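Take a look at the structure below.
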Amino acid sequence: MAGFVNLLPFWFLDSSEFLFGQFFVLICLLLFGLRYALITCAISAMFIFYRWGHCWPSLVFVGEVIWLYYFSHKKARLLFVRGIVYWLVIGIPVLAAIGYFIIALPWLAIVTALVKYLLNAAIILSIVDLISFFFIQQAWHKRAYSLYQILNYIVSILIILVVLITSIVLTNNHYARIEYEVKAQLSKKSEDIAAKIDLYLNDYRRGIVLTAKAIEQGVAKEVALDHLMTLYPSFLTSIVTDENAIARVFNPLSLQESLKGNSLSVADRDYYIKGKESPNGYISDIFRGRGFGNVPIVGVSAPVYIDERFQGVVEGSLTLGSFEQFRPSIFDNQGELVVLDAKKQVVFSTLTSHYKVLAQLSAEEFSQLEGNDQAIMTTTIDGEQYYVKVYLSQQQGWYVASLLQRKYANLVAASAWGQSLLLIVLVILLPSQLIVANFIAALTNGLIAKAHLYLV
């Protein structure tokens, strides 16, 4: 039963699972002693290993069993207070060390897991103490607790249990709302960014088309290119070719010096091959330029026709560093942006260590970027989890992926459940006799005394 319960998905937030199988281990400790409790703990550890691929928490669970056996069970003491002391002094530090040095989890994941284990232990210990009173009764009988002590302790444990369960439910519900909001905003951001990129590219396409039209109307090519470069600063360079795909006019002029021999021919470039057939302008996929720093560029081109005869193309080499302005921001935290062209080559990326510009994503890599489950909208990059939404632009056919690290949503949730956690800790650390109970008892005794005097 301990093993199967450990397989059940009792979530804390959405990245950590409770292990309530330890409840059955402690019941075995009270009913059958240390040996069978350790056997039960070992069996339940196998189920944890089956689910997670490791069972490091079971080391701490074994320590808890041994601790409670010597400091509670043998001395006929109740489990809750001594169990919480074990987790605060030994269990939590050991789990923190395992998470950081062995499993190498991020700090936020470690903190979330530690809070989960403390809550896990508090719930199990309180339920075991309550069950021991009603069904086992060993500790209660051996210590000969008074009725007042019994009632006071039961009320204390029930309050703790209610606070714990209520806080967990409210925390999970709050996190679910935050997660829904993050996903909704990411979807909206990706759609908006895709539309902005289409508008941005179309603006530069129109600039090239107007430049071509100006040349057709007799404007000097050099003057037309100067005007183009002034109005559209994201163009790195611009050229005008002849009908044989040889570049003849350059802006800046230094570009001509860097292009030698065959480099003057652009017959192999898409912006020439497809551009001469696109009177409304053509926007290429990303490629590496040549002759002017060899930087990644997108070629924007339009044909020049004079008297219905093809005279060449006007081309502008567009750099896309300005896409930084489209980077999303959610909950006052900056997200990440990855833009792919129609061939799924990286055009722009803020995750440069994983998605480098010009890299072409395979089907598997693109599937990873989209996320394994579009309903969950999450992916893992360099060990960090991200919410992600990929949107296909309507005009250019480029892919826009907006991402936000999952830890930011966790931090927003943490700001809400931090107060609940403080309340939980205060309740757990209350002494065995509640202040309220003592106050009620004192008040009752005072009323009885006054009533006695009145009767006398």
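The values are calculated or read from the model by the stated rules, or taken from the named source; none is laboratory data. The model shown is predicted, which means the values in this text are computed figures rather than measured ones. All Cβ positions, glycine included, derive from the backbone under ideal geometry; neighbour counts span all protein chains shown. The accessibility values were calculated without ligands, DNA or RNA, using every heavy atom of the protein model including side chains. Shrake-Rupley method; radii C 1.70, N 1.55, O 1.52, S 1.80 Å.
Before moving on, here are some points about what is shown:
- Relative packing of 381-392, 167-178, which averages over residues the other C-beta atoms within 10 Å, highest first: 381-392, 167-178
- Computed label-point distance, nm, for sites K188 and N294 using a 7 Å Cα→Cβ extension: 4.5
- For the chain, the dipole from Cβ point charges (+1 on Lys and Arg, -1 on Asp and Glu) about the Cα centre works out to 2180 debye, to the nearest 20.
- Taken as entire DSSP H runs, the helices of the chain that both span 18 Å or more between Cα atoms along their own long axis and average 1.0 or more on the Kyte-Doolittle scale are 34-52, 107-131, 406-428, 435-455.
- When the Cα positions of Y271, G289, S301 are compared along the charge dipole of the stretch 266-315, G289 comes out farthest toward the positive end, with charges on each C-beta of Lys, Arg, Asp and Glu.
- Nonpolar atom fraction for the chain, defined as the carbon and sulfur part of the 1.4 Å probe accessible area, stands at 62 percent.
- The gain in end-to-end length when the Q394 to V94 segment is fully stretched comes to 102.7 nm, 0.36 nm per residue minus the alpha carbon separation.
- For the stretch 122-248, size of Cβ-based charge dipole, Lys and Arg +1, Asp and Glu -1, in debye: 660
- Cα gyration tensor shape of the chain, rounded if a/c is under 1.5, else prolate or oblate by comparing a/b with b/c: prolate
- For F348, residues with placed amide H under 5 Å, excluding near neighbours: V339
- For the chain, the per residue solvent-accessible surface stands at 50 Å², with DNA, RNA and ligands left out and a 1.4 Å probe.
- Top positive-direction residue, dipole computed over the stretch 115-260 with Cβ charges, set A184, I168, A247: I168
- A DSSP coil position with no more than 12 other Cβ atoms inside 10 Å describes none of the chymotrypsin sites (Phe, Trp or Tyr not before Pro) in the stretch 65-113.
- Furthest towards positive pole of dipole, Q395, V209, Y355, structure part the chain, Cβ charges: Y355
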